[in-house]
2 protein chains.
Amino acid sequence: MAEPAKSSPLSELRIALPSLPMRLQEVGRFVAANDYDATTRSMRDLAAEAGADPAAFTRLAKAIGYSGWDELRAALTEARRPSQTSPFSGRARGRRPGPNADVALVTDKLEAEAAGLPRIPAQPIAEAARSLHEAKRIWIAGYRSCRSVAELLNYELRLFRPEQVQLVGVSGPDDLDLGAFRPGEAVIVIGFLPYTHASVRVAQAAHHSGATLIAIADSLSAPMAEGADHVLLFEAASSPGFFPSLTGAIAIAQSLAAVTFSLGGMAAKKRLEHTETRLTAASIYVSEKG
Amino acid sequence: MAEPAKSSPLSELRIALPSLPMRLQEVGRFVAANDYDATTRSMRDLAAEAGADPAAFTRLAKAIGYSGWDELRAALTEARRPSQTSPFSGRARGRRPGPNADVALVTDKLEAEAAGLPRIPAQPIAEAARSLHEAKRIWIAGYRSCRSVAELLNYELRLFRPEQVQLVGVSGPDDLDLGAFRPGEAVIVIGFLPYTHASVRVAQAAHHSGATLIAIADSLSAPMAEGADHVLLFEAASSPGFFPSLTGAIAIAQSLAAVTFSLGGMAAKKRLEHTETRLTAASIYVSEKG
DNA sequence: TATTTCGTGCAACAAATGTTTCATGGCCGA
DNA sequence: TCGGCCATGAAACATTTGTTGCACGAAATA
């Protein structure tokens, strides 16, 4: 039986806890229960809140093998670092060719993408949807691989707001549209590394025009996220494969459309029904029966 | 002009960023890109890593409306506090009013889609990829909302097999292409309920021509799955929202492209590199900068 | 061109931080 | 009961922190 994982400073703490003096136990439990505050706030601050002496924190750190509170805090900070760049299922890298290798690749990819979806922040999407709801007009821009996301978003939004949604560059060169952005309108730009010049130009034009800029990107530091009113993040690199994953971006786009639709209330619903009956009448779809 | 959502200090930062002096922009971008370190490490530490003056951080904070760096950091710290995620885990569907309803909708949707991905059968994807690998030519068809999936697949496959991949209907009416299907070629049709007549027609033409038919659909009984050599299933209706989910279809498309690429071996890799250098030379992308 | 404004780095400053020392008080063994 | 031990809190310590005043230089203004 191996040690119960020395990896985490928190587990070291829990292990050593019972053999510590009473006051140090108290402080130790406090740290374990509030490890986020432990990494961000100051020692004296914590002491005040825990009702203990500041020195107790230093002593605690030394008692479990650190040189001082600073070092313990640093360990906790590293343990909490989000950019842990998920060491996904391990395999798949140096995988030798074999009959199941392809299946394994698919499985890994799907798992990794599934894991990435819940990490997408929901709040910004809801806020962005509100902006879309209030926008007089909605522009959508995405290039190269992101074009598919842009078109999906365009398609879904047009189902219930046909006249107010438009892809950038459909009715002529992009530059024509860039000058048409107005305050009160919303511009959605989708992109991830490597970023295309075209998408950055759209974002800048949107920002300068005073329109609301919504960026769907893989990083807060993406150039099209600069000056954006809303940034919706997804993980493009999280999944194995030769190409960044667009699953997250698609999921965001669909959520955005769904919330915007829900904000539209009865009017949006009426509009959608109208569109659907029209499509049915044109017999675009195969009749459902069977 | 209305305030663009004061929700996150990071969004305030991004909004103000473009109108800031150059050095402050640098520092601001650094903070946005390393917000975790910004909350945990000291100002001087960050300054050293960013290659900037410590004072720049204080000035940045003041420039975007805070009394100083301490206050900005405190705001960032609160924004990152993990407890934000917990209150929603208990999903209450009946909660209609309130600003959190939208967030709950997004969270539910993302969770549902994440749950759907691992249920996608991997084996058929790997087999279909082998067919693609052997195909002399690859046709892709998808209409309405599925067009986005078709275009993504087309884009990714063309990265390493440019001359052999083509969207149905790009160079004239669909019917022209339907007569061009040949044995030894592969045709991918994407569709889910309600099925468009166009996609069914492509599938039938493919089947009659003797080409390999790959259907990406939501059901085995989908009309375009009839007579298909490979059927790749995904769950379109699994997630809440007014519109069926395409996340699964996108994930399948990307996996398909990834495995096909992997089967292509060195030749595909060379081809991809060649394409990439060509794109870089045309300065399509923003240079990564340092 | 002369003048002002503004952005920027440097260095000194006061406040706050983590640590250490010291005095106190309770506990157990002689 | 006495003497040593250890846990504990308070205060003093050296460092480090965030901040601010100042000087220099570039860009804008007249």
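A few notes on this one:
- Most mobile listed residue (A:Pro162, A:Pro18, A:Pro118) in chain A, GNM with C-alpha springs under 10 Å: A:Pro18
- Of A:His207, A:Ile250, A:Ala112, farthest towards positive along the dipole that unit charges on Lys, Arg, Asp, Glu beta carbons give chain A: A:Ala112
- Each Cα pair under 8 Å and six or more residues apart adds its separation to the average, and for the stretch B:122-189 the resulting relative contact order is 43 percent.
- Shown for the stretch A:95-204 is the translational diffusion coefficient from the Stokes-Einstein equation, using the Kirkwood radius over Cα pairs, a temperature of 37 °C and a viscosity of 0.692 mPa s: 202 µm²/s.
- Scanning residues 5 or more positions from B:Val187 or on other chains, those with amide H under 5 Å from its amide H are B:Trp139, B:Thr212, B:Leu213, B:Ile214, with H placed 1.01 Å from N in the peptide plane.
- For the stretch A:165-278, the Cα-based Rg and Dmax, in that order, read 15.6, 44 Å.
- By average C-beta atoms within 10 angstrom, highest first, the peptides B:127-134, B:267-274: B:127-134, B:267-274
- Other copies of B:Glu134: label-to-label distances in nm, shortest first, labels 7 Å along the beta-carbon direction: 5.9
- Among B:Gln254, B:Gln25, B:Gln204, the residue with the largest mean-square fluctuation in a Gaussian network model of chain B, with springs joining Cα atoms closer than 10 Å, is B:Gln25.
- Scattering profile of the stretch A:25-79 at q = 0.14, 0.21 Å⁻¹ [log10 I(q)/I(0), Debye over alpha-carbon scatterers]: -0.28, -0.67
- Antiparallel DSSP beta bridges within the protein assembly as shown, as percent of all bridges there, nearest 5: 5
- Between copies, the label points of A:Ala180, set 7 Å from Cα on the Cα→Cβ line, lie 3.1 nm apart, reported in increasing order to one decimal in nanometres.
- Listed residues A:Leu233, A:Leu159, A:Ser8: farthest to the positive end of the dipole of the protein assembly as shown (Cβ charges): A:Ser8
- For the segment B:121-129, counting C-beta atoms of other chains within 10 Å of every residue's C-beta and taking the mean gives 5.
- Neighbour-count ranking [beta-carbon atoms within 10 angstrom, fewest first] of A:Ile15, B:Ile188: A:Ile15, B:Ile188
- Size of electric dipole in chain A: Cβ of Lys, Arg +1 and of Asp, Glu -1, about Cα centre, debye, nearest 20: 340
- The stretch B:132-161: trypsin sites (Lys or Arg not before Pro) falling in loop per DSSP and having at most 15 other Cβ within 10 Å: B:Lys136
- Shortest-first distances to equivalent copies, position A:Asp53, nm, label 7 Å out along Cβ: 4.4
- When shorter helices are ignored and each DSSP H run of at least 4 residues is given -39500 (n - 2.57), the per-residue value for chain A at 222 nm works out to -16000 deg cm²/dmol.
- The mean sequence separation of alpha-carbon pairs under 8 Å and at least six residues apart, normalised by the residue count of the stretch A:9-79, gives a relative contact order of 33 percent.
- Spatial separation of Cα centroids for the stretch A:220-235 and the stretch B:110-141, in angstrom: 30
- Histogram of C-alpha separations across the protein assembly as shown, 20 Å bin width, %: 19, 49, 27, 5, 0
- Computed magnitude of the charge dipole of the stretch A:115-281 (debye, nearest 20; Cβ of K, R +1, Cβ of D, E -1): 360
- 14 Å beta-carbon shell around B:Ser199, net charge (K/R +1, D/E -1): -2
- Signed unit charges on C-beta, dipole axis of the stretch A:9-79, positive-most listed residue A:Leu46, A:Gln25, A:Thr58: A:Gln25
- More than 27 angstrom apart: percent of Cα pairs within chain B: 59
- Computed across the stretch A:153-216, the Kirkwood radius stands at 12.2 Å (inverse of mean 1/r, all Cα pairs).
- Size of electric dipole in the protein assembly as shown: Cβ of Lys, Arg +1 and of Asp, Glu -1, about Cα centre, debye, nearest 20: 180
- Among A:Ser148, A:Ser19, A:Ser219, residue whose mean-square fluctuation peaks in a GNM of chain A (springs only between Cα atoms under 10 Å): A:Ser19
A short reminder: the numbers here are calculations on the coordinates, not readings from a lab. For clarity, every value in this text was computed on a predicted model and none was experimentally measured. Please note: Cβ atoms are built from the backbone with ideal geometry, for glycine as well, and neighbour counts cover all protein chains shown.
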